[in-house]
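The values are calculated or read from the model by the stated rules, or taken from the named source; none is laboratory data. On a predicted model such as this, the values are computed, not experimentally measured, just so you know. A quick note on method: Cβ atoms are made from the backbone with ideal geometry, for glycine too, and the neighbour counts reach across all protein chains shown. Ligands, DNA and RNA are excluded from the accessible area calculation, which covers all protein heavy atoms including side chains. Shrake-Rupley method; radii C 1.70, N 1.55, O 1.52, S 1.80 Å.
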Amino acid sequence: MTTVIKGQPPSVDIRRQLAEVGKPVLVAFSTGKDALACEMALREAGIETQLAYLYYIPDLRFVEETLAQQEDMLGKPIARYPHPSLWRWLNALVFQPPERCAIIEAAKMPTIDYEDMWDLIRDDMGLPHNTLVADGVRAADSIVRRASFVKHGIMKAARRKVSPIADWVKSEVMDCLHRHRLALPRDYDWFDRSFDGIDYRFLEPLSRFAPDDYQRILDWFPLAELELFRTNLTGP
């Protein structure tokens, strides 16, 4: 049963409103089930979309293979851009050995927030700055997300954000994927979710299933291997 979000219209009304406006929507596309369902819900409503994936680590083979497969499934390109977390991790010297710290600090790389990042993406994709960014965030995922929708709304015009399936439950997401014969990426076999971090939940499976990609992460964050040592010593 669809979630009722206090003070908010049903998401079907939001999608209908977007269709009536008749402008393209930019989808924050993570490759996961909710992003896929968001894209297909918008497509079913007759809304034109463009997809953008924000990568945490450049050129991971399993990520690129997933994106290529999903481009074939969806019949459209998925643009790639760096995730703000990549810059944040580097600037915070996350998992960096001492000899790299001075180099990273001397580089004075910018810390880019999400709103600035999406403005840069709009510019690069030739979209107007008032183009809405849609995501697959759902109220049923957590109390915090539900409270955020109650407080800030499903459609956040000032921030140019919208969550077109905000009131869907997991069964509705999976029904949508089955209806369109869309398979989940291998992330769900390895991590039980889409890849979005460099902690033990992701590093340990990658060390077993994709050692080249695991090494690629270590190239960027050499001390990330300590996540495995620490957890092996203390337990998950």
Looking at ILE47, ILE14, which one is in a loop (DSSP other than H, G, I, E, B), touching a strand residue (DSSP E or B) at 6+ places or on another chain (Cβ under 8 Å) and surrounded by 21 or more Cβ atoms within 10 Å (Cβ to Cβ)? ILE47
Working only within the stretch 152-192, note down all residues that are at positive phi and touching a residue at least 60 places away in the same chain (Cβ under 8 Å). GLY153
Looking at (1) without any contact (Cβ under 8 Å) to a residue 40 or more places away in the chain; (2) crowded, with 17+ Cβ neighbours inside 10 Å, can you tell me which one SER142 breaks? (2)
Just one of (1) over 16 Å from the mean Cα position of the chain (by Cα); (2) crowded, with 19+ Cβ neighbours inside 10 Å; (3) of a type in the set (A, V, I, L, M) trips up VAL94, so point out which. (2)
Within the stretch 78-106, count every residue that is in a loop (DSSP other than H, G, I, E, B) and among the aliphatic types (A, V, I, L, M). 3
Looking at MET109, MET73, which one is of a type in the set (A, V, I, L, M, F, W, C), outside any strand (DSSP E or B) and either touching a Lys or Arg at 6+ places or on another chain (Cβ under 6 Å) or touching a residue at least 40 places away in the same chain (Cβ under 8 Å) (or both)? MET73
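Looking at this structure, is ALA79 farther than 19 Å from CYS176 by Cβ, open to solvent by 60 Å² or more (accessible area, probe 1.4 Å) and among the small types (Gly, Ala, Ser)?
Values: farther than 19 Å from CYS176 by Cβ: yes; open to solvent by 60 Å² or more (accessible area, probe 1.4 Å): no; among the small types (Gly, Ala, Ser): yes.
Taking the combined requirement at face value, the residue does not satisfy it.
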Can you pull out the residues in the stretch 134-149 that are among the aliphatic types (A, V, I, L, M) and out of contact with any Asp or Glu (no Cβ under 9 Å at 6 or more places or on another chain)? ILE143, VAL144, ALA147
Give the residue that is farthest from ILE217 (Cα to Cα), with candidates limited to residues of the stretch 106-119 that are at pLDDT 95 or above and surrounded by 13 or more Cβ atoms within 10 Å (Cβ to Cβ). ASP119
Looking at the structure I just gave you, is GLY46 over 27 Å from ILE112 (Cβ atoms), without any contact (Cβ under 8 Å) to a residue 12 or more places away in the chain and not charged (D, E, K, R)? no
